[in-house]
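Following: one structure in structure tokens, then a few remarks.
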Amino acid sequence: MIEEAMEIYGEQKLQRKHSIYHSLDEKFEIRTERYKGQQYSQIYFARLHNMRNLLYALIPKWKPHLPVNTVLGLEQGKECIIVGTLYKHMKLKPSILDEYSKERSAVPLVHPHNFMHPDDHLILEDESGRVKLAGDVLAPSAFVTGIVVALHGKETGDGDFLVQDILEASLPPQIPLALGSKDDKYVVFVSGLGVGNSKSNPLQFQLLVDHITGHLGDEKEQAIASQIVRVIIAGNSVEIPVGFLTGQSLASKDQSKLFEPIKELDISLIQLAAAMPVDIMPGPCDPANFSLPQQPLHKCLFPGTSVYNTFMSCTNPHSFELDDVRFLGTSGQNIDDLEKYSDAKDKLDFMERTLRWRHLAPTAPNTLGCYPFSEKDPFLIESCPHVYFIGNQKKYETRLLQGSERQLVRLICIPRFCETGVAVVLNIRNLECHTLSFSTDLDLQW
């Protein structure tokens, strides 16, 4: 813990508030990487096993009068319930084989960022087999490959399964949260710093650092800054030109372009870590492994900052507790991938779906790269977070989600700071949040 005074005004000394922190990243940590003999089917088996047991416990309250069958045990015309993993057949889904096909399709994409097509359809699969799903209850646009659900319906004469109702796992249980019983304490979220990016404004980032460390603003603003207990940096902190990451040897004049952004980030992080605890998560543009879960950025990248015990290099996804408030978040890859293969009103809807499906990254490993776990699926959400955040988004969005069992979750989309100059501030006392915005004309807005 830091025992640092921020500023002295006459007789008044402002002390930074503290909070109790527990990292929950252990399940995302890969101690020993092994790829020999491991198949991606194993993570699907683990996912189906865990989710099926959960759904079996919910079925008696949902449809107690119906039998539960396997796909192989379906009988034509007889209503039943089947539990399995959804597979979404997509006409426009990219395939690596297309790169080598001589008869590559010339059909244009519906949208440059989305691969959905009106002919997409869903299939349910378990260990015994697979069956095509029919009916209007399940809209293919709202689902993706990898979700485990229970379906009520019956087999048709065509061999399809006519779906009449669906049971999702819904929000997992949540540790009760006593709102309003604590003092104001703030967590600052920032993402997409993009140090080294041509769009990045070093002055904006420095103003953010100076403000939250208490070196800017009047007495009121500095008093608020003293209540910031942690900073979360949610991925894409640096941007290194792709041409430098091809494995080719670099000329000495180019080496500075490779290392300079990391050095610049380290200098800024020193100022933050000297004032308060800082968690940094890797993102798709950072010098870390590409597949989820991304492992912590190596501390050798931050020779100045890593000497502070307040500096935490974390996994992506990142899970932790702060004064009994549970946080779960990613650098955005899981939600961005959902947007490519399904449709929703906004990113918050995608986030809500992952909670209701109880899975952080359902499209992994189908379209989202992940490590081939053989005995577990670490992306299963077993306990409902109080704060669920994603980084590297186009704009700030937030919503307070309420579950059927009185769960309360603050959903937060953190915008890219290098493009928007916006950070997000959350009060862990009541889960209220707002933005901290720095514009190019040096205007600061809480």
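The values are calculated or read from the model by the stated rules, or taken from the named source; none is laboratory data. Just so it is clear, the structure is predicted and the values come from calculations on it, not from any experiment. Quick reminder, even Gly has a Cβ in these numbers, built from the backbone with ideal geometry, and neighbours come from all protein chains shown.
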(Q) Can you find a residue that is in the same structural domain as M51 (by TED's automatic domain parsing), within 22 Å of the chain's Cα centre (by Cα), at pLDDT below 95 and assigned to a strand (DSSP E or B) anywhere in segment 109-131? (A) yes
Q) Looking at segment 139-148, is at least one residue at pLDDT 95 or above and aromatic (F, W, Y)? A) yes
(Q) I want to confirm something. Restricting to segment 39-73 and keeping residues that are within 25 Å of the chain's Cα centre (by Cα) and in a loop (DSSP other than H, G, I, E, B), which single residue is modelled with the highest pLDDT? (A) Y40
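Quick one: is L265 modelled with pLDDT of 90 or more, closer than 28 Å to L360 by Cβ and assigned to a helix (DSSP H, G or I)?
The answer is yes for L265.
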(Q) Just checking, does segment 88-101 include any residue being within 23 Å of the chain's Cα centre (by Cα) and at pLDDT 95 or above? (A) yes
(Q) I'd like to know if segment 239-255 contains one or more residues that are under 23 Å from V422 (Cβ atoms), at pLDDT 90 or above and under 28 Å from the mean Cα position of the chain (by Cα). (A) no
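On the basis of being buried (at least 20 other Cβ atoms within 10 Å of the Cβ) and within 15 Å of G77 (Cα to Cα), does V148 make the cut? Let's see the steps before the verdict.
Details: buried (at least 20 other Cβ atoms within 10 Å of the Cβ): yes; within 15 Å of G77 (Cα to Cα): no.
Considered against the rule, which asks whether it is buried (at least 20 other Cβ atoms within 10 Å of the Cβ) and within 15 Å of G77 (Cα to Cα), V148 comes out as no.
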Q: With the checklist (1) more than 17 Å from the chain's Cα centre (by Cα); (2) under 29 Å from P176 (Cα atoms) in hand, flag the one item R410 doesn't pass.
A: (1)
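Picking from D343, D377, which residue would you name as being under 16 Å from the mean Cα position of the chain (by Cα) and farther than 30 Å from D184 by Cβ? Don't jump to the end; show me each part of the working.
Numbers: D343 fails: under 16 Å from the mean Cα position of the chain (by Cα).
The conditions single out D377.
Which residues, counting only those in segment 413-434, are in contact (Cβ under 8 Å) with a residue 40 or more places away in the chain, at negative phi and over 19 Å from the mean Cα position of the chain (by Cα)? So that I can check it myself, show each step before the final result.
If we filter segment 413-434 for residues that are in contact (Cβ under 8 Å) with a residue 40 or more places away in the chain, which is where we start, we get 413-419, 421, 423-431.
Retained after the next criterion (residues that are at negative phi): 413-419, 423-430.
Within segment 413-434, C418, E419, N427, I428, R429, N430 qualify.
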Q | Answer from P415, P385 - the residue that is crowded, with 22+ Cβ neighbours inside 10 Å, in a strand (DSSP E or B) and either in the same structural domain as Q294 (by TED's automatic domain parsing) or touching a Phe, Trp or Tyr at 6+ places or on another chain (Cβ under 7 Å) (or both) | A | P415
Q: Please state which one of D337, D324, D343 is in contact with a Leu (Cβ under 9 Å, 6 or more places away or on another chain) and surrounded by fewer than 19 Cβ atoms within 10 Å (Cβ to Cβ).
A: D324
